[in-house]
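Note sheet for the following structure.
None of the figures in this text is laboratory data; all of them are computed from the coordinates on show. Here the structure is a predicted model, which is why all the values come from computation and not from measurement. Using ideal geometry, Cβ is built from the backbone for each residue, glycine included, and neighbour counts are taken over all protein chains shown.
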């Protein structure tokens, strides 16, 4: 008997796949990326000698977040209303959850850009003084 994973696409409708992907992306952003952002947004929270490492860690987390976002968006692209006619409520919930996660993703992206941009500006200014 073949493993269950061989038939995964047949067992999971696209709306459920999207819900799972969106949930995973949301949890990653909230539990991994946002706490690091909060520390970096509070200047005394990260000592100057650890700032570079903290920014590098944030960048690695953000790369992973972008990969997760691509997977979520790919699951959304597979969502087809015709496939979901049997459970229109689940279809609509999947679409709304995806939209909410995209808004969260956009807000976190702005914060990541602000932190990394302001840190690069500070480093450039610091090196210009020498």
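A few points about this structure:
- If you sort the three axes of the alpha carbon gyration tensor as a ≥ b ≥ c, you get a/c of 1.5 or more for region 12-128 and a/b above b/c, which makes it prolate.
- Extension gain, residue 38-residue 71: 0.36 nm per intervening residue step, less the Cα-Cα distance, totals 9.3 nm.
- Shown is the FRET efficiency for residue 118 and residue 60, computed with R0 = 22 Å from the Cβ-Cβ distance and rounded to the nearest 0.05: 0.70.
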